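Report on the following structure.
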Amino acid sequence: MRDRVLTETSVVRWLLIAVAVGFLLLFLVLPVVTVFVQALSRGVSTYLAAFDDDDTRSAIVLTLSVAAIAVPLNLMFGISAAWAIAKFDFPGKTLLVSLIDLPFSISPVVSGLIYVLLFGAQGVLGPLMKSWDVQIIFAVPGIVLATVFVTFPFIARELIPLMQEQGTVEEEAALTLGASGLRTFLTVTLPNVRWALLYGVLLCNARAMGEFGAVSVVSGHIRGLTNTMPLHVEILYNEYNFVAAFAVASLLAGLALVTLVGKSLLEWRHGDELAATRRH
Amino acid sequence: MLALLGPSGSGKTTLLRLVAGLEAPTAGRLLFDDEDATHLSVGERRVGFVFQSYALFRHQSVAENIAYGLRVRPRRTRPSNAEIKRRVAELLDLVQLNGLDRRRPSELSGGQRQRVALARALAVEPRVLLLDEPFGALDAQVRRDLRRWLRELHDRTGHTTLFVTHDQDEALELADRVAILHRGRLEQIGTPDDILDRPATSFVAGFVGEAVRIPAEVREGVLRIGAQYVPAPAGQRAGNFDLFVRPSDVVVTDGSDEALSAKVVGVRRTGPARRAELSLGEGLPTVEIQLPARHALRKGESLQVRLATVRLFASGTRAGR
Amino acid sequence: MSIAAIGVPGRSFVRPSALPGFGITFGFAITYLSLIVLIPLAALVWRASGLGFGGIWRVATDPRVVAALDTSFGTSALAALTNAFFGAIVAWVLTRYRFPGRRLLDATVDLPFALPTAVAGIALATLYAPTGWIGALFARWDIKLAYTPTGIFIALVFIGLPFVVRTVQPVLQDLDREIEEASATLGASRWQTVTRVVLPPLVPAILTGVGLAFARAVGEYGSVIFIAGNMPFRSEIAPLLIVTRLEDFDYAGASAIAVIMLAISFVILLAINLLQAFLQRRLGHA
């Protein structure tokens, strides 16, 4: 038993734990529980029937496709940016890093708005898009763009601090041993950042599949065409089709739980190989 | 085996990295024997570089680290897997790390990592072996052992070796030739005997051998140190000089024409010897000498001493005696 | 073998390096950043500047816009402050105490990052509606939670909590236990030690967390609109008003509100950063 002046009395301690646990249960855990309870409130068959619907299925397909485009794009960007920023010295680096983080500080609605202003019918490039007969807003390309925007920093910001911390000495060693640049990257740099990379991809994917505000602005909510899963949840909910809404929501909540488990596993097992500033 | 010796910031590591091709020169050329290597890429130079931090690939085992330079060769020149295995085993044997081939770098001690780094560098059969502060991160005992081991290895394999150090004992003991660098300039290059006995510049004289710099003046064949006068070395021209005095230069005498009187300002007993701090005059830097313990010195006592070697350099410039 | 170096200066944008690939990676990163982020944002600035200062001012002083901004910023501030208090306690409990389920609890803190906002929105709305598990408890006392500004507050607390916890946690972890022991040896009670020695160095981190939670809350849309009720002048948030304007094809109005929001957020975050820098200097905790 430690001295009373060095730690709290057990009463205070358990009180604080109770407050923390209570607060987290009330605000964070209960909503997730609600999703599954509501989804299953009419039984498993009603729950499964919710997915026996073309619009729901096309929403799932669209969400998966959008993530399948957005995540690799941001992965390529994240790796390129991290390589240039962490392994080289050039002026304006701090500014570049802040610009990469910019999408995190912009409202999802504004993130969608900027693309409407650029490509919409009354937008800057609207007439051009019309003459080329290219539809971006209220179509899939707009949804992809908005998703890419809101998930833009995830992978880069995991990689940059870690690669900066690791320096260039291992790469230099590989070069003196005769490895080519690409070979050096694949056999030395990439294995050193693999867990951080996976971590970034995990978070990027969760956000890409779950984004609502930005996508809502550019989508036009055309059922079966431009409806992603989160947008479909909104439509079903507003139509008072609660079971179906929560059924689709339960898939997204499941994705969130899988993401959390993966994230926690990475933090526990490979915490020292993730960037020190990994938490955000 | 050449040592690059100098204080920190003198450009030793930069020079080593230039040789390796990790830095590009703004001017000048780099020659390997007669071949111009200035425009060869790092990989084409075939140097074996041992980094100060060792730079082992942390996600590869010891064996994978050592084999790396062979495995990344283009298919035409890459040895077969069996051959690579044989080479790795041979190198592990050479650096006395048999049985540790499956370990990760994080599971090795500092000295072991150092030897893996060396084996990895040797695997590519480098034209020159470059070592950046090879013993910098190790503790004293390991340092001494590895130093001896490295010298033996060098004598056995005969690689041209360039190593950077800031430790003069290490440089003078290990290298055949030593290059002294200071503020990016080469001050002197020569054998340890040259460096110690015939320093070319005042920087070298002050840098090696724990020398103390005392201002001095020569007029008409007489050397003035503080308020004392002794005959100047034969043929010494007149002027203001820096006199560099090493502990070993000071010889205690019983008084003669050339003797200087020195005051004992401090005495310390260190093991079998006694170290005495001597002052040759008010306001001059003190010289520390080592004496057998039987010399019972007391603080405040006066001694007669003679300088076995008089090293004079014109104040602050590069000049001979 | 001998090596000889014999003694054409040049200056370049990037410090010369033996590593390859700067040109292509830097080029790709800058191009991609420009196409995805910078040019579209420039479109917003360009569109808003077309209105002129007078035009933006007219939008900013429109009563419905004022009410929405007031709701958004006021509720966000209140939610961020609530999170500062509970977030600090959660961070304290997670770093200082060992109890069964601690790691699980630690993992749940990130739920709001992982859970899609629309899912959080419908779940919170259902939970806090008069018919929901929690809403029903309060309905007995005639207190309405969902479909009122209180609903907005609840959603914003949900969304902001991890920001405070995740910024305070590492600082608390790195805090030297010896300073607490020193305080105890000097005769301080536990309460005095916590308030005078432990809390001050945490303040900058708490402020950072509050700043992040606030910024996120101001822009939040998905989790709020389901629980808010969305009554103009009462429970309408600024992002929703932007969407409403867009649906009316009032691009200029939408852009103006967006720019005003960005400007206010920027000023408030700047103020928080300055305060934080000041406190860090005062408390000597760099």
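Summary table
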{"item": "Highest-MSF residue in chain A out of A:TYR240, A:TYR199, A:TYR47 [GNM, Cα springs under 10 Å]", "result": "A:TYR240"}
{"item": "Whole-percent carbon and sulfur share, accessible surface of the range B:1-76, 1.4 Å", "result": "48 percent"}
{"item": "Separation of the C:TYR97 and C:THR31 label points, Cα + 7 Å toward Cβ, nm", "result": "5.6 nm"}
{"item": "Heavy-atom accessible area, 1.4 Å probe, ligands and nucleic acids excluded: residues of the range C:117-138 down by at least 30 Å² from chain alone", "result": "C:ALA118, C:VAL119, C:ILE122, C:ALA123, C:THR126, C:LEU127, C:TYR128, C:TRP133, C:ILE134"}
{"item": "With every protein chain in place, chain C: carbon and sulfur % of accessible area (1.4 Å)", "result": "67 percent"}
{"item": "The protein assembly as shown, accessible area per residue, ligands and nucleic acids excluded (1.4 Å, Å²)", "result": "45 Å²"}
{"item": "Ranking by accessible area, most exposed first, for A:MET76, A:MET209 with a 1.4 Å probe", "result": "A:MET76, A:MET209"}
{"item": "Heavy-atom SASA rank of A:VAL33, B:VAL212 (probe 1.4 Å, accessible area, largest first)", "result": "A:VAL33, B:VAL212"}
{"item": "Chain A: calculated mean residue ellipticity at 222 nm from DSSP helix runs of at least 4, using -39500 (n - 2.57)", "result": "-22500 deg cm²/dmol"}
{"item": "Proportion of all alpha-carbon pairs of the range B:203-314 beyond 23 Å (%)", "result": "26 percent"}
{"item": "Mean projected area in nm² (Cα convex hull; one quarter of hull surface) for the protein assembly as shown", "result": "52.0 nm²"}
{"item": "Relative contact order [Cα under 8 Å, 6+ residues apart], chain B, whole percent", "result": "17 percent"}
{"item": "Long pairs among A:LYS93/A:LYS263; B:LYS12/B:LYS299; A:LYS87/A:LYS263, criterion Cα-Cα beyond 31 Å", "result": "B:LYS12/B:LYS299"}
{"item": "Surface accessible to a 1.4 Å probe, B:ILE84 within the full protein complex, Å²", "result": "0 Å²"}
{"item": "Magnitude of the charge dipole, the protein assembly as shown, Cβ model with Lys/Arg +1 and Asp/Glu -1, debye to 20", "result": "1000 debye"}
{"item": "Accessible area (Å², 1.4 Å probe, nearest 10) - C:LEU274", "result": "110 Å²"}
{"item": "Furthest towards positive pole of dipole, B:GLY21, A:LEU62, B:LEU278, structure part the protein assembly as shown, Cβ charges", "result": "B:LEU278"}
{"item": "Rounded percent of accessible protein surface that carbon and sulfur make up, chain A, 1.4 Å probe", "result": "66 percent"}
{"item": "Accessible area in the full protein assembly, largest first, 1.4 Å probe, for A:ASP53, C:ASP70", "result": "C:ASP70, A:ASP53"}
{"item": "Zero-based 10 Å bins, Cα pair distances in the range B:2-198, whole percents", "result": "9, 34, 37, 17, 3, 0"}
{"item": "Summed buried accessible surface, chains A and B, 1.4 Å probe, nearest 100 Å²", "result": "1700 Å²"}
{"item": "Kyte-Doolittle mean at least 0.0 and Cα axial length at least 18 Å: DSSP H helices in chain A", "result": "A:10-24, A:54-87, A:153-166, A:190-210, A:242-270"}
{"item": "Accessible area buried at the A-C interface, both sides summed, 1.4 Å probe (Å², nearest 100)", "result": "8200 Å²"}
{"item": "Number of partner chain Cβ atoms within 10 Å, mean per residue of A:237-249", "result": "2"}
{"item": "Surface accessible to a 1.4 Å probe, C:MET261 within the full protein complex, Å²", "result": "10 Å²"}
{"item": "Dipole magnitude (debye, nearest 20) for the range C:62-285, charges at Cβ of Lys, Arg, Asp, Glu", "result": "600 debye"}
{"item": "Scattering profile of the range C:96-246 at q = 0.09, 0.11, 0.17, 0.19 Å⁻¹ [log10 I(q)/I(0), Debye over alpha-carbon scatterers]", "result": "-0.42, -0.59, -1.00, -1.11"}
{"item": "Kirkwood hydrodynamic radius over Cα pairs of the range A:50-278, then Stokes diffusion coefficient at 25 °C and 0.890 mPa s, in µm²/s", "result": "127 µm²/s"}
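The values are calculated or read from the model by the stated rules, or taken from the named source; none is laboratory data. What you see is a predicted model; the values in this text were computed from it and never measured. A quick note on method: Cβ atoms are made from the backbone with ideal geometry, for glycine too, and the neighbour counts reach across all protein chains shown. Note: areas computed on protein heavy atoms with side chains; ligands, DNA, RNA excluded. Shrake-Rupley method; radii C 1.70, N 1.55, O 1.52, S 1.80 Å.
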